[in-house]
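Written below as C-alpha cells is the structure these notes are about.
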Amino acid sequence: ILGGMFITISMTGLDQEMMQKNISIEKLGNSQKNMFTFSVIMVIVNFIFLFMGGLLYLYATQIGVEAKGDDLYPILAFQKMSPIIAIVFIIGLISALFPSADGAITALTSSFCIDILGINRAEKSEEERSKIRKTVHLTFTLIFLLLVIAFKLINDKSIIGLILKIAGYTYGPLLGLFAFGILTKYQLKDKLTLWVCLAAPIITYLWSTYLEKSGSEYQIGIEVLIINGLITFFGLWLIRKK
C-alpha cells in the first residue's frame with residue numbers, strides 16, 4: 001500500500017507531463033480543484049478497468065483460455081470474439097497509446113533542450129533552435145522504438161510489473177530531491193548532488209539483489225521506490241551546506 005502511494009506521488013505529482021495541466025492554470029484555487037477532480041475521476045476509471053479485467057478472466061476461464069497478463073485481451077479479441085471487437089480493440093489501443101507516447105516524447109524533448117542543452121540561454125537563431133528541437137525529438141522517438149523492441153524481446157507477460165519496478169529506481173532520486181527541498185531549508189553542493197542521485201539506485205539494487213540471493217524472508221518489492229528515496233534523502237543530508 002505504501003509503495004503504491006509513493007509511486008502515485010512520484011509518477012503523477014513529480015511528472016512534468018502529468019502536472020503541466022495543473023501548473024498552467026492561472027488561479028491556485030482552480031488548479032487545486034482540477035487536481036481533486038482528476039483524482040476522483042481516476043479512482044472511478046481504475047475501478048472500472050479492474051472490474052472489467054476481472055470479468056475478462058472469468059470469461060476466459062469459462063471458455064477454456066489459459067492466457068495470462070497482457071496476452072489475455074488480444075487473444076480474446078482476435079480469436080474468441082467477433083471481428084468488430086477486434087477492430088474496436090485496435091482503434092482503442094492506438095487512440096490510447098498515441099497521446100501517451102506523444103506527450104512523453106514532447107516532455108522529454110522540452111526538458112532536454114532547455115535543462116541540458118540550454119537552447120534558451122544560447123545565442124542561436126530560431127531556425128537553429130528549431131533544428132535542434134527536431135533532432136532531439138526524433139532521437140527520443142528512436143529510443144522509444146528501441147525500448148518497445150527490447151520489451152518485446154524480454155517477452156514479459158505483464159509489462160506493468162516491470163515498468164513499476166523500473167520506476168522505483170528512476171523516480172527514487174526524484175522523490176528524495178523533492179522531499180529534501182520541501183522538508184528542509186538547506187542548500188546542496190551541486191557537484192555532489194548528481195553522484196548521490198546516481199549512487200542511491202545502485203545501492204538499492206545491490207541490496208535487493210543481496211536479499212534475493214541470500215534467501216531472506218523479506219524481499220524488496222514495489223517499496224523499492226521508498227527505500228531508494230530515503231537513501232537519496234540521507235545522501236543529500238550528508239552533502240548539505242550548513
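If you take the C-alpha gyration tensor of the stretch 182-235, multiply each eigenvalue by 5 and take the square root, what semi-axes do you get, largest first, in whole Å?
For the stretch 182-235, the ellipsoid semi-axes come out as 27, 12, 7 Å.
Of the lysine pairs in the stretch 163-242, how many meet both conditions: Cα atoms under 24 Å apart, and a spacing of 8 or more in sequence or different chains?
Going through the stretch 163-242 pair by pair, I get 7.
How much net charge surrounds Phe78 when only the other residues with a Cβ under 15 Å from the Cβ of Phe78 are counted, with Lys and Arg +1 and Asp and Glu -1?
With Lys, Arg at +1 and Asp, Glu at -1, the neighbours total -1.
Which value, in debye to the nearest 20, describes the size of the charge dipole of the chain about its Cα centre when Lys and Arg Cβ atoms bear +1, Asp and Glu Cβ atoms bear -1, and nothing else is charged?
With only Lys, Arg, Asp and Glu charged at Cβ, the dipole is about 680 debye.
For the charge dipole of the chain, defined by +1 on Lys and Arg C-beta atoms and -1 on Asp and Glu C-beta atoms about the Cα centroid, which residue among Leu50, Phe144, Val65 has the Cα displaced farthest towards the positive pole?
Phe144
With label points built 7 Å along Cα→Cβ from the Cα atoms of Tyr186 and Thr12, find their separation and express it in nm.
3.1
Given a cut-off of under 8 Å on Cα pairs at least six residues apart, what relative contact order in percent is computed for the stretch 20-119?
Worked out over the stretch 20-119, it gives 10 percent.
So what does Lys165 come to for accessible area, using a 1.4 Å probe and Å² rounded to 10?
120
Among Pro173, Pro83, Pro201, whose mean-square fluctuation peaks in a Gaussian network model of the chain (Cα, cutoff 10 Å)?
Of Pro173, Pro83, Pro201, the Gaussian network model singles out Pro83 as fluctuating most.
Using 0.36 nm per residue of separation minus the Cα-Cα distance, give me the extension gain between Asp102 and Lys21 in nm, one decimal.
27.6 nm
Leaving out ligands, DNA and RNA but keeping every protein chain, what accessible area does Thr61 have, in Å² rounded to the nearest 10, with a 1.4 Å probe?
110
Excluding ligands, DNA and RNA, what is the solvent-accessible area per residue of the chain at a probe of 1.4 Å, expressed in Å²?
In whole numbers, the chain has 72 Å² accessible per residue.
From the C-alpha coordinates alone, can you work out the Kirkwood hydrodynamic radius of the chain, in Å?
For the chain, inverting the mean 1/r across all distinct Cα pairs yields 21.5 Å.
Helix 159-170: angle to the longest alpha-carbon principal axis of the chain, degrees 0 to 90, nearest 10?
Roughly 10 degrees between the two axes.
Quick one: putting +1 on the C-beta of Lys and Arg, -1 on the C-beta of Asp and Glu, what dipole do you get for the stretch 122-242 around its Cα centre, in Debye to the nearest 20?
The calculated dipole for the stretch 122-242 is roughly 360 debye.
If the chain between Leu55 and Ala150 were fully stretched, how many nm would it gain, using 0.36 nm times the residue separation less the Cα-Cα distance?
So the extension gain works out to 31.1 nm.
Please list, in chain and number order, the residues 5+ apart from Leu188 or on another chain whose amide H is under 5 Å from its amide H, with Hs placed from the backbone.
Distant-sequence amide H within range of Leu188: Lys241.
Can you tell me the alpha carbon radius of gyration of the stretch 60-111 divided by the globular rule-of-thumb value 2.2 N^0.38 Å?
1.56
For Ala179 and Ile90, what is the calculated FRET efficiency with R₀ set at 35 Å and r taken between the beta-carbons, to the nearest 0.05?
The pair Ala179/Ile90 has a calculated efficiency of 0.25.
Comparing Phe144, Phe89, Phe38, which has the greatest mean-square fluctuation in the GNM of the chain with Cα pairs linked when under 10 Å apart?
Phe38
Across the stretch 132-146, in residue order, what do the Karplus-derived ³J(HN,Hα) couplings come to in whole Hz, using 6.51 cos²θ - 1.76 cosθ + 1.60 with θ = phi - 60° and x for Gly and Pro?
5, 4, 5, 5, 5, 4, 5, 5, 5, 4, 5, 4, 4, 4, 5
What is the ratio of the Cα radius of gyration of the stretch 1-58 to 2.2 N^0.38 Å, where N is its residue count, to two decimals?
Scaled against compact globular proteins, the figure is 1.39.
Which residue fluctuates the most in the chain, going by a Gaussian network model with Cα springs under 10 Å, if the choices are Leu72, Leu97, Leu162?
Leu97
When the accessible area of the chain is computed with all protein chains present and a 1.4 Å probe, what percentage of it is carbon and sulfur?
70
Give me the percent relative contact order of the stretch 84-242, please, defined on Cα pairs under 8 angstrom at least 6 residues apart.
RCO, the stretch 84-242: 26 percent.
Helix 172-183 against the longest principal axis of the chain: what's the angle in degrees, Cα atoms only, rounded to the nearest 10?
The two axes meet at around 50 degrees.
The values are calculated or read from the model by the stated rules, or taken from the named source; none is laboratory data. Keep in mind the model is a prediction, meaning the values are calculated, not measured. Using ideal geometry, Cβ is built from the backbone for each residue, glycine included, and neighbour counts are taken over all protein chains shown. Side chains included, ligands, DNA and RNA excluded: accessible areas come from the protein's heavy atoms. Shrake-Rupley method; radii C 1.70, N 1.55, O 1.52, S 1.80 Å.
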